[in-house]
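The values are calculated or read from the model by the stated rules, or taken from the named source; none is laboratory data. Remember, predicted model here, so these are calculated numbers, not experimental data. Cβ coordinates were reconstructed from backbone atoms using ideal geometry, including for glycine residues, and neighbour counts include every protein chain displayed.
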Amino acid sequence: MSEPDQTETERVVLQVYEQLKILATDSSPCVRYNARRALAAVWQIVNDLGLEFEQVYEFGA
Amino acid sequence: MQSDVRPEKKPVALWNPKMESLSRSELNRLKLWKLQRMVRFAYDHSSFYRRKYDAARVRPEDIRSLDDVQKLPFVWKAELQASQKACPLFGDYTAAEPERAMRYHQTSGTSGTVPLRILDSRKDWEWVSETWCYGMFGFGLRPEDVVVGAFGYGAFIGFWGAHYAAERIGCLTIPTGGGTSASRIRMIMDLGATAVIATPTYAIRLVQVALEMGINLARDSKVNILILAGEPGGNIPSTKECLEMGWGARAGDFPGMSESGGGFAYECSEQSGAIHLIEDHYLDEVIDPKTSEPMDYGEKGERVMTSFGRSIMPMIRYRTGDLVERVPASQCSCGRTFDLYQGGILGRADDMKIIRGVNVYPSAIENVVRQFEAIQEFQIVIWDQDGIPQITVKVDPGTPLAPESSQNLRETLSGVLKKQHGGLRFGVEVVEPGALPRFELKARRVLDQRKG
């Protein structure tokens, strides 16, 4: 919820999360669909750790 | 069916140490943040919620504190059913297009009503099993465990989350859909299962079938963890005792519900007689079911649930009908800061029967019946005689009883039931072995034959 308190793990998780959103719209099906699955899994981490709470339906997750 | 084999407790371990040890003020801040976002999302994307909130003259920006949740109208199951009937297939409470979903389930229909159709997107479905991990890891499940899912693997959502949670933790996970009780027992034995997922009713049934096969699961199997859900039995003391002795395993209570998708509470390894709420994924309220007024710690009331998980079908202030008694986290020695429901789910608001002025709960009867080792299955029959309600408990011994044993069972059981219900007279009937139905999923043990 508050950036100054973030640990290194939390910063990395958020970076991965944002990058997966980009991959989730890739033109290659194997990239797109596996990235969506990974995004759904990483969403659990950012939600569990209280880093982000948003919906990701537009990214296919 | 009893044994004195009991496994050792596992040390306390948290699935999500950051959240499971937050202070109350930090937890409340987190829940308000999620509530505000969830209400905004539902208002902007679900015509059902927009209509309800507009009618109640409340807007998302009116939610400024956790207490403001009380400004939002309740959601009732009948409304969801009406929504799906009016707007087939999935109703107008969906907040994203049904095409975004990748998983379909439905409610069990045990209440006799039309099942609700339920959708999950990828992240919603991942979330369902994520919530189960809080409890299953916290109860002691680890990657080296071998887990058997002893359920039908059908359209009812129950236990699917547990299956995928076991996979997520890294356990060798064995599905047994379509199998018989005997074939499941063979797999438990042959594959060295250490944990079993089942309803309490079915876990008891497996012990009985195993004995018929000459297998004492407590002595002969490696099972040391039972993951129980789908019914209240995991926290009915005598049922838990019966299960723990029958399997030689710790039995944990992990309630969930189809409408929310995931588990919403869990028994931890300390087994304090209560279940922890998953407070970072839900906002739970306890209210008086008649007046809808909020209730304090230690008061029994109806659980009202707001989910921060599944969002394709948002659940905000859903009237669950479950009766609970919330107590502070400090009543468990594990150190978690998540509050507890003492005794688990105590029953359903509509489960209670009034017999000649006495409140009778099926779970209270089960707690007595399970103290009798000779009883394999039971059924509660309520009927009218000259306009006066009567209650009879039919008991099935599984194997024939001598006449004097049968008579003794009848007298002792009716005496205990009468004593625990303020002098209410219970009929007790010992039926032929095997005469009562057995259940694999949720048991249906109450037959109310009264008219009207």
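Points worth noting:
For every residue, the table says whether it meets (1) in contact with a His (Cβ under 6 Å, 6 or more places away or on another chain); (2) of a type in the set (Ser, Thr, Tyr); (3) in contact (Cβ under 8 Å) with a residue 40 or more places away in the chain.
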position: B:Gly357; (1), (2), (3): no, no, no
position: B:Ser363; (1), (2), (3): no, yes, yes
position: B:Gln376; (1), (2), (3): no, no, yes
position: B:Thr399; (1), (2), (3): no, yes, no
position: B:Leu417; (1), (2), (3): no, no, yes
position: B:Glu429; (1), (2), (3): no, no, no
position: B:Glu432; (1), (2), (3): no, no, no
position: B:Arg444; (1), (2), (3): no, no, yes
position: B:Arg450; (1), (2), (3): no, no, yes
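- Residue that is nearest to the other protein chains (Cβ to nearest Cβ), among those in region B:116-148 that are under 21 Å from B:Ala265 (Cβ atoms), part of a strand (DSSP E or B) and in contact with a Gly (Cβ under 8 Å, 6 or more places away or on another chain): B:Asp120
Yes/no per residue for (1) touching a Gly at 6+ places or on another chain (Cβ under 6 Å); (2) more than 14 Å from every other protein chain (Cβ to nearest Cβ); (3) assigned to a strand (DSSP E or B):
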{"position": "B:Ser258", "(1), (2), (3)": "no, yes, no"}
{"position": "B:Lys290", "(1), (2), (3)": "no, yes, no"}
{"position": "B:Gly298", "(1), (2), (3)": "no, yes, no"}
{"position": "B:Gly301", "(1), (2), (3)": "no, yes, yes"}
{"position": "B:Arg310", "(1), (2), (3)": "yes, no, no"}
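- Residue in region A:42-52 that is out of contact with any Lys or Arg (no Cβ under 9 Å at 6 or more places or on another chain), at pLDDT 95 or above, among the acidic types (Asp, Glu) and part of a helix (DSSP H, G or I) present: no
- Residue check for A:Ala35: in a helix (DSSP H, G or I), surrounded by 12 or more Cβ atoms within 10 Å (Cβ to Cβ) and within 9 Å of the chain's Cα centre (by Cα): no
- Filtered residues of region A:23-61 (kept if at the interface with chain B (Cβ under 7 Å from one of its Cβ atoms), farther than 21 Å from B:Glu99 by Cβ and not aliphatic (A, V, I, L, M)): A:Gln44, A:Asp48, A:Gly50, A:Phe53
- Spans of helices (runs of 4 or more DSSP H) in region B:1-79 with at least 3 residues touching a residue at least 60 places away in the same chain (Cβ under 8 Å) and under 25 Å from the mean Cα position of the chain (by Cα): B:24-45
- Complete set of residues in region B:255-272 that are closer than 15 Å to B:Phe137 by Cα and over 12 Å from the mean Cα position of the chain (by Cα): B:Cys268, B:Ser269, B:Glu270, B:Gln271
- A:Gly50, sole failed condition from (1) over 10 Å from the mean Cα position of the chain (by Cα); (2) surrounded by 15 or more Cβ atoms within 10 Å (Cβ to Cβ); (3) free of Cβ contacts under 8 Å to residues at least 24 places away in the same chain: (3)
- Lone qualifier among A:Arg11, A:Arg32 - being touching an Asp or Glu at 6+ places or on another chain (Cβ under 7 Å) and over 24 Å from B:Pro314 (Cβ atoms): A:Arg32
- Of the strands (runs of 3 or more DSSP E) that lie entirely inside region B:319-367, those containing 1 or more residues that are under 21 Å from B:Gln271 (Cα atoms) and in contact with a helix residue (DSSP H, G or I) (Cβ under 9 Å, 6 or more places away or on another chain) span B:340-342.
- Which listed residue is under 18 Å from B:Ser292 (Cβ atoms) and not small (Gly, Ala, Ser), from B:Glu61, B:Glu79: B:Glu79
- Some residue of region B:328-340 being under 22 Å from B:Leu66 (Cα atoms) and acidic (Asp, Glu): yes
- Candidates are the residues of region B:410-446 that are in contact with a Lys or Arg (Cβ under 9 Å, 6 or more places away or on another chain) and within 20 Å of B:Arg348 (Cβ to Cβ); the one that is modelled with the lowest pLDDT is B:Phe439.
- Some residue of region A:5-28 being at pLDDT below 95 and not in a loop (DSSP other than H, G, I, E, B): yes
- Some residue of region B:416-427 being assigned to a loop (DSSP other than H, G, I, E, B) and within 27 Å of the chain's Cα centre (by Cα): yes
- Within the set B:Ile365, B:Ile391, B:Ile382, the sole residue that is aliphatic (A, V, I, L, M), more than 14 Å from chain A (Cβ to nearest Cβ) and surrounded by fewer than 21 Cβ atoms within 10 Å (Cβ to Cβ) turns out to be B:Ile382.
For (1) closer than 11 Å to B:Lys123 by Cβ; (2) of a type in the set (D, E, K, R); (3) free of Cβ contacts under 8 Å to residues at least 12 places away in the same chain, each residue gets a yes or a no:
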site	(1), (2), (3)
A:Asp5	no, yes, yes
A:Glu8	no, yes, yes
A:Gln19	no, no, yes
A:Asp26	no, yes, yes
A:Pro29	no, no, yes
A:Arg32	no, yes, no
A:Ala41	yes, no, yes
A:Ile45	no, no, no
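- Candidates in region B:270-288 are the residues that are part of a loop (DSSP other than H, G, I, E, B) and in contact with a strand residue (DSSP E or B) (Cβ under 8 Å, 6 or more places away or on another chain); of these, the one that is surrounded by the most Cβ atoms within 10 Å (Cβ to Cβ) is B:Ile278.
- Being under 26 Å from B:Gly158 (Cβ atoms), of a type in the set (Asp, Glu) and modelled with pLDDT under 95 is a description that applies to B:Glu377.
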